[in-house]
Amino acid sequence: MGLGDKISNAAQEAKGKAKATAGEATENRDLQAEGHKDKAGANLKQAGENVKDAFK
């Protein structure tokens, strides 16, 4: 996995975490759900990259 992919995934995860936290603080369930979705997407991408690296 390239460094750019790691940075992109980490940034997406941080963005998702911030959205989820903001959603919890403001009791905005839509924002909270969107944040959790962003975090899950980043984690899924990271897992896919790890699988690709395992087969190199």
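Restricting the first member to region 10-22 and to residues that are closer than 21 Å to GLU49 by Cα, and the second to residues that are exposed (fewer than 15 other Cβ atoms within 10 Å of the Cβ) and among the hydrophobic types (A, V, I, L, M, F, W, C), the beta-carbon pairs closer than 8 Å and six or more apart or on different chains are GLY16/ALA40. Under the condition of being modelled with pLDDT under 95 and outside any helix (DSSP H, G or I), which residue from region 1-55 is surrounded by the fewest Cβ atoms within 10 Å (Cβ to Cβ)? The extreme case among them is PHE55.
The values are calculated or read from the model by the stated rules, or taken from the named source; none is laboratory data. Note that the structure is predicted; figures quoted are calculated from it, not measured. Don't worry about glycine lacking a Cβ; one is built from the backbone with ideal geometry, like all the others, and counts go over all protein chains shown.
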